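Worksheet for the structure shown next.
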Amino acid sequence: MGRHADPTAIPRRFPPLLIAAGTVVALLLVGGLAWWLLAGDDDEGCATRSTVAVTVTPELAGLTEDLLSDPEALGADGCVTAEVTAQEPLQTAGDLAALDADALPDVWVPDSSLWFPRAGDAELSPGTSMATSPIVLATSTAVVDARAWSDEAPSWGDALTGDQPVAMPDIASSGEALAALSALRSTVGDGEEGDTAVVQAVLAADRAAGGASSALESAGAGSADAPLVPVTEQAVYAARASDAASELVAVYPSGGSPSLDYPVVRVGSPTGDQSRAVDSVVAVLTSEEARTAAGEAGFRDADGTAPPAAGEESGIRAEAPESVALDPTEVQALFSRLAALAAPSRLLAVVDVSASMEAGVGSGTRATLARDAAKSALALIPGRSALGLWVFARELDGTTDWQELVPTRVLDAEIDGRTQRAILQEQADSFPSRLSPGGTGLYDTALAAVRKARVDYDPTAVNTVVIITDGTDEDDGSIGLDGLLQTLAAEADPGRPVKVIGIALGPDADLSALQRIGEATGGAAYSALDENDLQTVLFDALRQRG
């Protein structure tokens, strides 16, 4: 017979203390399980989660995001994440120089070390390059074939100051433009000759219709008139990779090319877990996997090894160009000079038409030389700049020494269906026919021109008066040099500065007076003794105007 419970038996009861203890244990077990489950869902067991802010030049942004998107690649059991922001290097450099430390990235990958001097006192620790890419001149295969550049490439100087149009990226923010212009300057010479070549290249490039983007489209379409565009080799590769029909090709100037080096830079001095997190991000960006990914995107590695697909079909060559080293400090000095040039001009040109301008120079006269040089310079000045034109002698217009031929207006402005530029070109042609026997009225004209430029002052532009003369003041009733200098000093307005640039044309011009007028206004004076000088000094005057 089986065992059965005794219905009359008294049930066993646990002591109250034991029951309480069991309840506590159960609650702890349940609570611990819940914490473990929640921690596993949210933080994967991390005691500390670290986020690394990475700011990268736009052309590497997608590649960087892909490399840093896998938490396992960053190690630390997935406790490190990276937030990637694409930003132009110049803007980041400005942030580094101006913002508080907590607003700055932990890691910065600019396109070039050239930007470091613009980062102010920010604490930067540059490391290995993530990639490199030499600066080339992009154009169409038709241009290369027509110029036979496949057989013999031009120098930077020949290319950027020759007759092939040039479209320059924004010199205020483009590492490519800065590097190309620095290479040009080093090719031509580090002195005034090099600076003048840079000015000529920038002004000519600023006249290119549509700018760099339009020029690249034209080259990709195979135009035989496509401009030259300074870009990275990788930009050519990427354009060809995205369009199999593209005719864009890289020209490698003789003498070598500077390269963008894409350094991986630690910012600030993180400690503890954050320092280790930054280290893990840097390790990924400088890894073999990153090098391979950069090569597939058209970049070279730090040693100049070509992308795997380099060759004729990619628009770039496998052989690395000779390296041209650039000094960041010198490049930034050039940047500062170019920043003034990049600002629009508001310029009043004042040209001597006294009888002495009929003196022979070369195959023409001083008047025809002034005409040709003015028209040549005018053709290069950007359309956003404003230009006016006066002529002067002594008592040229009644008792007045000067005459306004064209009021100061933006060159691209249309007046009765014609542009200001075209009107100025036509009036410049009239210089030889306007010569006056009355002598030279320099001082009164200079004062009137400065006053007029101040009335027409544009605070967004560089306001300048350029005076071209071959003589000395011959007006006995004029204000005189001392009176002129005293009046210029008395009327000077720091809020509306107007510089006078004087050009002494020929050996009889009063260079000393022009120098004193230039000094009084913060300007300068130049001597042009022969037919080859005037064009050069005009370009240099434009360079000095800022």
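What the table below lists for this structure:
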read-out	value
Among the residues listed as V324, V331, the single one being farther than 21 Å from V251 by Cα and not basic (K, R)	V331
Test result for A224, touching a residue at least 24 places away in the same chain (Cβ under 8 Å), hydrophobic (A, V, I, L, M, F, W, C), surrounded by fewer than 22 Cβ atoms within 10 Å (Cβ to Cβ) and at negative phi	yes
Qualifying position, being of a type outside the set (G, A, S), crowded, with 24+ Cβ neighbours inside 10 Å and assigned by TED's automatic domain parsing to the domain that holds A138, among V251, V231, V281	V231
Those residues of the stretch 486-509 which are closer than 14 Å to D352 by Cα and surrounded by fewer than 16 Cβ atoms within 10 Å (Cβ to Cβ), in sequence order	D508
Residue within the stretch 238-248 that is farther than 30 Å from I381 by Cβ, in contact with a Lys or Arg (Cβ under 7 Å, 6 or more places away or on another chain) and assigned by TED's automatic domain parsing to the domain that holds R317 present	yes
Answer from A212, A177 - the residue that is crowded, with 24+ Cβ neighbours inside 10 Å, modelled with pLDDT under 95 and touching a helix residue (DSSP H, G or I) at 6+ places or on another chain (Cβ under 9 Å)	A177
Members of the stretch 394-412 that are of a type in the set (A, V, I, L, M, F, W, C) and in contact (Cβ under 8 Å) with a residue 24 or more places away in the chain	L396, W402, L405, V410, L411
Failed condition for D273, given (1) part of a helix (DSSP H, G or I); (2) within 19 Å of L137 (Cα to Cα)	(2)
Matching residues in the stretch 132-157 - criterion: being touching a residue at least 12 places away in the same chain (Cβ under 8 Å) and not in a strand (DSSP E or B)	T141, A142, V143, V144, A146, R147, W149, E152, A153, P154, W156, G157
Tally, over the stretch 58-110, of residues that are surrounded by fewer than 20 Cβ atoms within 10 Å (Cβ to Cβ), outside any helix (DSSP H, G or I) and among the hydrophobic types (A, V, I, L, M, F, W, C)	3
Answer residue from the stretch 356-391, given it is among the polar types (S, T, N, Q) and not in a helix (DSSP H, G or I) and is surrounded by the fewest Cβ atoms within 10 Å (Cβ to Cβ) among those	S363
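The values are calculated or read from the model by the stated rules, or taken from the named source; none is laboratory data. Here the structure is a predicted model, which means the values were calculated and not measured. Quick reminder, even Gly has a Cβ in these numbers, built from the backbone with ideal geometry, and neighbours come from all protein chains shown.
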